[in-house]
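The values are calculated or read from the model by the stated rules, or taken from the named source; none is laboratory data. Since the model is a prediction, treat every value here as computed from it, not as a measurement. Here the Cβ positions follow ideal geometry from the backbone for every residue, glycine too, while neighbour counts run over all protein chains shown. The protein model used for the area step is the full one, side chains on, heavy atoms only, and it has no ligands, DNA or RNA in it. Shrake-Rupley method; radii C 1.70, N 1.55, O 1.52, S 1.80 Å.
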Amino acid sequence: MDLLLAICQALGLGLAVGIGGPLAGLFVAVMASLQVGIDPRGTDWDFLGASWFLVAMLAANVVGFYVARAGAESARRGFRAAFAAALGAIGGAASLAEQGESAAIGLIIGLLAGAGAALVAADILAGARRRTDRGRKGTAGAAATAAATLDLIFAAAGIGVAFLALVAPPLSLVALAALVALAAGRRRRAGEKYEGLRVLR
């Protein structure tokens, strides 16, 4: 049972950083430093709660903010996916190692969950930014504010998923189901839009 809970937690932490980006990653590191929900002390992954790692997470947030404001869409997507894959892998490995299980299992689960969730989140954010830009032509400041608000909403959602993964790991499966349903819905709508354009031709 402990193994199943650890796997669910690894999954949830990966999804959390994929959805919430660096802010969710900072939250996970803070919780590890407080030993709330995750306590990797005595394992090879105990640096997750170390002071220097918290500083590294703060730096990642600064970089992420700059990329989100000034970077191209490909840069935003790449940074988000790379960060989520790395921190998801670390969080997942720590979850399994804490229970005395193979960290490799958690590493793989966290990496895949983080990268996958990050790509879905980046796609949603990119679409929202495009719609915001079209609706606010000539008001760059308002568009930037709207984009920042969207980023904060996703960060809050990621922190919420991380909290649930730490205190009630099985709820990570609910988060996974919701993300899969959201991604499937977007893909279906994109297909319908494409078919509509073909008909217009």
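Counting heavy atoms of the protein chains only and a 1.4 Å probe, report the per residue accessible area for the stretch 25-113 as a whole number of Å².
Solvent-accessible surface per residue comes out at 46 Å².
How charged is the neighbourhood of Asp46? Take every other residue with its Cβ under 11 Å from the Cβ of Asp46, and add Lys/Arg as +1 and Asp/Glu as -1. Local net charge: -2.
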